[in-house]
């Protein structure tokens with residue numbers, strides 16, 4: 001846990017990470033990602049989007065299906081909640097459709113579980 005604290009995680013989050021890590025098999029998780037036709041990239045990799053890396057709290061891992069292209073640099077992605085509502089999905093679909101009409105690369109992701 002000392003390494004997590006040294007990396008800047010507060011004690012509550014560091015403890016949560018330690019407890020959760022004991023329940024996860026990384027190899028099995030990567031197999032699940034590959035079975036879904038995706039791959040994981042971390043903020044340490046050159047492929048990780050430069051502008052996303054520059055925000056205040058970037059996600060440490062992105063799950064990508066396909067290839068990130070240079071024109072994707074200004075893409076917009078909406079990630080939904082685990083308990084999305086019909087209204088939330090409809091509103092998101094409306095926003096994404098508008099971005100696409102204006103030529104912005106965009107996507108939406110819904111995560112169950």
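Quick check on residue 52: is it out of contact with any helix residue (DSSP H, G or I) (no Cβ under 9 Å at 6 or more places or on another chain) and outside any loop (DSSP other than H, G, I, E, B)? Answer is yes for this residue.
Every residue, every condition in (1) under 27 Å from residue 2 (Cβ atoms); (2) touching a helix residue (DSSP H, G or I) at 6+ places or on another chain (Cβ under 8 Å); (3) loosely packed, with under 11 Cβ neighbours inside 10 Å; (4) at pLDDT below 85, yes or no:
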residue: 22; (1), (2), (3), (4): yes, no, yes, no
residue: 27; (1), (2), (3), (4): yes, no, yes, no
residue: 35; (1), (2), (3), (4): no, no, yes, no
residue: 71; (1), (2), (3), (4): no, no, yes, yes
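Residue count for the range 39-69 satisfying the condition of being within 22 Å of residue 104 (Cβ to Cβ) and in contact with a strand residue (DSSP E or B) (Cβ under 9 Å, 6 or more places away or on another chain): 11. Note on the range 1-20: among residues that are surrounded by 10 or more Cβ atoms within 10 Å (Cβ to Cβ) and outside any helix (DSSP H, G or I), the one that is farthest from the chain's Cα centre (by Cα) is 1.
Number of residues in the range 37-49 that are assigned to a loop (DSSP other than H, G, I, E, B) and out of contact with any helix residue (DSSP H, G or I) (no Cβ under 7 Å at 6 or more places or on another chain): the value is 7. Listed conditions (1) under 25 Å from residue 4 (Cβ atoms); (2) over 15 Å from the mean Cα position of the chain (by Cα) are all met by residue 83, apart from (1).
The values are calculated or read from the model by the stated rules, or taken from the named source; none is laboratory data. Note that the coordinates shown come from a computational prediction; the quantities given were computed from them, not determined experimentally. Note: ideal-geometry Cβ built from the backbone for every residue, glycine included; neighbour counts use all protein chains shown.
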